[in-house]
Amino acid sequence: MLISTNPVLRRSEWLLPAAIFASFFFNIWGVPLFDLDEGAFSEATREMFLRGDFLSTYLNGEPRNDKPILIYWLQAASVSLFGFNEFGLRLPSALAASGWVLMVYYFVTRVADRRRALVAALITATCLEISVMGKAATADALFNFCIASSMMLFFLHYRFLEKKYLYLSFLCIGLGFLTKGPVAVMVPLVVSLLFCLLRKEFRFWLAAVFNPLGILIFLLIGLPWYVISYFHDGGAFINDFLFNHNLGRFESAKEVHSGKFFYYVPIVILGVLPYTAALFLVLRRIPALIKDDLSLYLLFWFGFVFLFFSFSSTKLPHYVVYGYTAMTILMALYFDQLRRRWLGLLPILLFLAVLLLLPEILEMVRSRSHDEFLVLMLSNHQQDLGSSYRWIVLAGLLAVGYLLFEKRIELQQALLASGFVTVLVVASALLPAVAAVQQQPIRDAAMLAREQGLTVVQWHLKMPSFNVYSETISPRRLPQPGDYVLTKGHHLQKLDIERQLFNRNGIALVKLKN
């Protein structure tokens, strides 16, 4: 197998739990829920309790057929234990992301060794996009745990011919099917088929895919809720979810989430920070990689996900993450071959430099934008970011600068250390800054509405986190006389306002005249 054997770091097992905490748990309690996705998942979970219905999901009093039930059950269990707050809502994702990283560690231990397993797990944990996803109150971290585990377990079955891995793979596919539906079946099925065809192991693939016990495990886990749902709502969820939210997303863009064919190229380059140099190293090695079973399987995995969602009409940044595990493992296997220190650390230096200049960039955007809502949203960005933002980012930039010039620290060690810097800066500075500008006004308006017992109409606005924090249903409709209305600030002149209760960063809560 084409894996470098030169040591880059001593085994330091304590680094893995530290990376998991820094990336997925640190400050998940300190940032408001982000709209649209976190707000929607959290509100749907809240409405399960409100309705006393744990078999179906509703958002703003209307059926929500976007996703199956598993993440909502886990969020419901979590908030029952830890309270209905940001920590309780995000904890299932943090735990799923932790399991995802630990599964990478186990997998690479089996196919390589513990040192490379540690590197692979650290890269996965501190990869920028995975870190952000791993602490979001959505289904994505859980789904990636399921799909990545199923893919790795299938290869372990192929390599070691142990049925336990095949059965566990079917189990993970079943959980994935209960989390996000058919894509949990499609990715393992297609990638394993392509790999086995190229390796002339089609009979092995047939025996694995049609294993009776494996199919039974999948059906016992993935199917019962769909059957119950069918009888519960007359098939409304299944029809809407399968045909609209699955087939429909591939055929036409949903919710204006479209993009060019190369949409995911910059997403991946930024998403794997600070390991972009390792990504390019792997891409340059593709001709050599295809000679090795493990590398070929991982390439098929990443390549299929990248191409499939590039062809899809609906494009969202997190779709390509379904293939990140394959790439982070490949980067770890060839990590020792990185040589150029400047090129290795330059991407994260540039990223942190941009973050350092973010207040100036936002001011430039505000002054030049013709989007009235964006101009209002950024009207207080200097105050919202606060002085601590710049100091935290500067500390991160200086830390990476030290790693660049301290030659006694090997490049590979410096890159892994910069991964810690990246996730800590994002968790303690970037996400709180974005939340202060975008989400804090929603939260403050919602808390005001809750304190005064108001029922609020949302107009020209879709912010489900408002429902979460106000603990009410907030219908989206045309306002009527006497309504309390949450809307964008530049729409206020269209309303007959009796009094204004809240107005900040383009978010206004007003009372209309009777």
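The values are calculated or read from the model by the stated rules, or taken from the named source; none is laboratory data. Every value quoted in this text rests on a predicted model; they were computed, and no experiment measured them. Positions of Cβ are backbone-derived with ideal geometry, glycine not excepted, and every protein chain shown enters the neighbour counts.
Among the residues of the stretch 48-57, are any of a type in the set (Ser, Thr, Tyr) and under 16 Å from the mean Cα position of the chain (by Cα)? Scanning the stretch 48-57 turns up no residue that is of a type in the set (Ser, Thr, Tyr) and under 16 Å from the mean Cα position of the chain (by Cα). Consider the stretch 42-58 and keep the residues that are of a type in the set (Gly, Ala, Ser) and assigned to a helix (DSSP H, G or I). The one that is surrounded by the fewest Cβ atoms within 10 Å (Cβ to Cβ) is Ala44.
Taking the criterion of being surrounded by 24 or more Cβ atoms within 10 Å (Cβ to Cβ), within 24 Å of the chain's Cα centre (by Cα) and more than 30 Å from Ala77 (Cβ to Cβ), would at least one residue in the stretch 191-199 satisfy it? Yes, the stretch 191-199 contains a residue that is surrounded by 24 or more Cβ atoms within 10 Å (Cβ to Cβ), within 24 Å of the chain's Cα centre (by Cα) and more than 30 Å from Ala77 (Cβ to Cβ). Residues of the stretch 169-183 being in a helix (DSSP H, G or I) and at pLDDT below 95, which ones? The answer is Val183, and nothing else. Annotation note: of Pro7, Pro32, the sole residue that is part of a loop (DSSP other than H, G, I, E, B), at pLDDT 95 or above and over 14 Å from the mean Cα position of the chain (by Cα) is Pro32.
Exactly one residue out of Gly88, Gly39 is in a helix (DSSP H, G or I) and in contact with a Leu (Cβ under 6 Å, 6 or more places away or on another chain): that is Gly39. Given the condition part of a helix (DSSP H, G or I) and in contact with a Cys (Cβ under 8 Å, 6 or more places away or on another chain), answer yes or no: does some residue in the stretch 317-337 qualify? Yes: the stretch 317-337 contains one or more residues that are part of a helix (DSSP H, G or I) and in contact with a Cys (Cβ under 8 Å, 6 or more places away or on another chain). Taking the numbered list (1) outside any helix (DSSP H, G or I); (2) more than 14 Å from Tyr275 (Cα to Cα) in turn, Phe304 passes all entries but (1).
Would it be correct to say that Glu410 is of a type outside the set (Lys, Arg) and touching a residue at least 60 places away in the same chain (Cβ under 8 Å)? Considered against the rule, which asks whether it is of a type outside the set (Lys, Arg) and touching a residue at least 60 places away in the same chain (Cβ under 8 Å), Glu410 comes out as yes. Pairing each residue of the stretch 281-307 that is more than 15 Å from Phe155 (Cα to Cα) with any residue that is exposed (fewer than 15 other Cβ atoms within 10 Å of the Cβ) and at pLDDT below 95, provided the two are 6+ apart or on different chains, yields C-beta distances under 8 Å for Arg285/Leu2; Ala288/Leu2; Leu289/Leu2; Lys291/Leu2. In the stretch 344-358, the residues that are closer than 15 Å to Arg390 by Cα form no Cβ pair under 8 Å with any partner that is buried (at least 22 other Cβ atoms within 10 Å of the Cβ) and of a type in the set (D, E, K, R), whether six or more places apart or across chains.
Only one of the numbered conditions (1) buried (at least 19 other Cβ atoms within 10 Å of the Cβ); (2) part of a helix (DSSP H, G or I); (3) in contact with a helix residue (DSSP H, G or I) (Cβ under 8 Å, 6 or more places away or on another chain) is not met by Phe241, and that is (3).
I'm trying to understand the selection: among the residues of the stretch 59-82, which are at pLDDT below 95 and either polar (S, T, N, Q) or surrounded by fewer than 19 Cβ atoms within 10 Å (Cβ to Cβ) (or both)? Result: Asn60, Gly61, Glu62, Pro63, Asn65.
Of all the numbered requirements in (1) closer than 28 Å to Ala414 by Cβ; (2) surrounded by fewer than 21 Cβ atoms within 10 Å (Cβ to Cβ), Ser295 misses one, and that requirement is (2). Of the listed requirements (1) farther than 26 Å from Leu357 by Cβ; (2) surrounded by fewer than 18 Cβ atoms within 10 Å (Cβ to Cβ), Arg443 misses just one: (2).
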